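One structure below.
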Amino acid sequence: MLKLRNSVFLLLAAGVLSACSLAPKYERPAAPVATAFPEEPFPASKPGGVSAETGWRDFFHDPRLQLLVESALVNNRDLRIAALRIEEARAQYNVVAADLLPNLSAATGGSRGRTSAATSPLGRSAVSTAYQVGLNLAAFELDFFGRVRSLNEAALSQYLATEEAQRAAQISLVAEVAKAYLAERAFAEQQELAQRTLKARETGFKLAQQRFEVGASSALDLRQNEVLVQTARASLATLVRQRAQAQNALAVLAGRPFAELPPARTLSEQNIVAELPAGLPSDLLARRPDIRASEQQLIASNANIGAARAAFFPRISLTAGIGSASTDLGDLFEAGTRTWSFVPQLVLPIFDAGRNRSNLTLAEVRNNIAVANYEKTIQVAFREVSDALVARGAIDEQIDAQRRVLEAQADRLKLAELRYQNGVASSLDVLDAQRELFSAEQTLVQARLLRLTNAVDLYRSLGGGLNEKATP
């Protein structure tokens, strides 16, 4: 009995310790991007001390926005699903990892049966009773060729990829909440401008009616004023709808409605620093969780090749048991009732109609797909950073030019009104100046929103926002 137990333990140790891996040696593919980001056509100002490692609370200073982000990280359903995916992947990994160790089970049972006289060697019927109790080892595979170990490595990489995907979802969620909030603030400012414009145009329309009634102006002037009033009404209605829809989208991202929120800030008060340092393209490999997740998927597919290769080699498994058996329950643990069994099994594939070869080809093709996905993820990340870098200086130029346009349009309106009052210009000049001023005001708000969303995009594309999480 001692010899049997020692033999089983020796075989188990050999199977665990001597397992080799047939998986290809993993080498990270070269990044298919340039070694430096493209130069900015309009260089931005020097960095303001904010990096991609800065937590989102330090990046977004608006208390209202901070509360929305905090709520989203706790209550957003997409992020909750991503967290549950981690639990799913962890459980799957634990299931696969269990195959690395032997599974022992205790079993007890009994049987009772009658043998007929026709089949009994003694020529008479008999009733037999048997009881068993023991400890069993069921089909434990000795992983000499690393099949189980490769599957375990693939499951671990899948679990790590799921964790990285959850981090990527968190960064994207923070960015989406910020952009939705900024869009709502832009609609609010544009709505306020439209309300002021509508009020001013309604006043002008009343004056035009009075002038028309006394014969001081033509019907054309009256209708031009009416067109401006109705245009302002239509613009206001559109902005009211867009702002309400933006608020609804923000509530969905935050995961719950809010009865009260801190006072809102205007776009010019957001104080979001756009001058983030870009670093080097190689830094993205360490910063961006979506790239790290893609690499873990690649490692998993590489390990699956090892499992597919191991299927060509013999598979050795052990089944063993030790216990007691007796025809009398009271004598089950008495001397002479001990039993044992030892059933090693070796399975060597000879003919499988090309199944193993096809599985290996499938694993290799999937690995090539994983390489392509990894390279594509890097290219997309590089483009996102490049686009944000190229845009930030150009947007500053755009805002400066649009501000000057607004100032010029305001001066133009004053001059047109003065000329109209002195009888030098017609009312059409004043109406046209009013229309162009309103358009310039709306465009400036949109340009400011574009600068802020560009800063958020750059922050997200550089992998920022992971250093701070919500407090459950």
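Points to keep in mind about this one:
- Spread over its residues, the convex hull of the C-alpha atoms of region 382-455 is 68 Å³ per residue.
- Per residue, the accessible area of the chain comes to 56 Å² when a 1.4 Å probe rolls over the protein heavy atoms.
- Once the chain from GLU417 to LYS199 is taken as fully extended at 0.36 nm per residue, the excess over their C-alpha distance is 76.7 nm.
- Ranked by how many other beta carbons lie within 10 Å on average, peptides 419-428, 243-252 from highest: 243-252, 419-428
- Approximate spin-label separation SER125-ARG85, in nm, with each point projected 7 Å along Cα-to-Cβ: 6.6
- Helix 2-17 vs. the chain, principal-axis angle (Cα, 0 to 90°, nearest 10): 30
- Which label in [x] 29.5; [y] 22.1; [z] 25.5 gives the computed Kirkwood radius over Cα pairs in Å: [x]
- Evaluated over the chain, the count of Lys pairs having alpha-carbon atoms less than 25 Å apart is 5 (only pairs 8 or more residues apart or interchain).
- Helix-derived mean residue ellipticity, 222 nm - over the chain, DSSP H n ≥ 4, -39500 (n - 2.57), to 500: -22000 deg cm²/dmol
- Placing +1 on the Cβ of every Lys and Arg and -1 on the Cβ of every Asp and Glu, with nothing else charged, gives the chain a dipole about its Cα centre of roughly 1300 debye.
- Percentage relative contact order, the chain, counting C-alpha pairs under 8 Å, at least six apart: 29
- TYR131 accessible area, 1.4 Å probe, all protein chains in place, Å² to nearest 10: 70
- The overall shape of region 201-265, judged from the alpha-carbon gyration tensor, is prolate: a/c is not under 1.5, and a/b is greater than b/c.
- For region 295-357, the dipole from Cβ point charges (+1 on Lys and Arg, -1 on Asp and Glu) about the Cα centre works out to 500 debye, to the nearest 20.
- Listed residue (GLN402, TYR420, ASN367) projecting farthest to the positive dipole end of region 358-428, Cβ model: TYR420
- Mean Cβ neighbour count within 10 Å, used as a protection proxy, ranking 194-202, 253-261, 69-77 highest first: 69-77, 194-202, 253-261
- The fraction of accessible area contributed by carbon and sulfur in region 162-298 is 53 percent, rounded to a whole number (1.4 Å probe; ligands and nucleic acids excluded).
- Residue (of ALA232, PHE312, VAL174) at the positive-pole extreme of the chain, dipole from beta-carbon charges: PHE312
- For region 90-227, the Kirkwood estimate of the hydrodynamic radius, built from every pair of different alpha carbons, is 25.2 Å.
The values are calculated or read from the model by the stated rules, or taken from the named source; none is laboratory data. Please read these numbers as outputs of a predicted model, since none were measured by experiment. Note that each Cβ is placed from the backbone with ideal geometry, even for glycine, and that neighbours are counted across all protein chains shown. Only protein heavy atoms, including side chains, enter the accessible area calculation; ligands, DNA and RNA are left aside. Shrake-Rupley method; radii C 1.70, N 1.55, O 1.52, S 1.80 Å.
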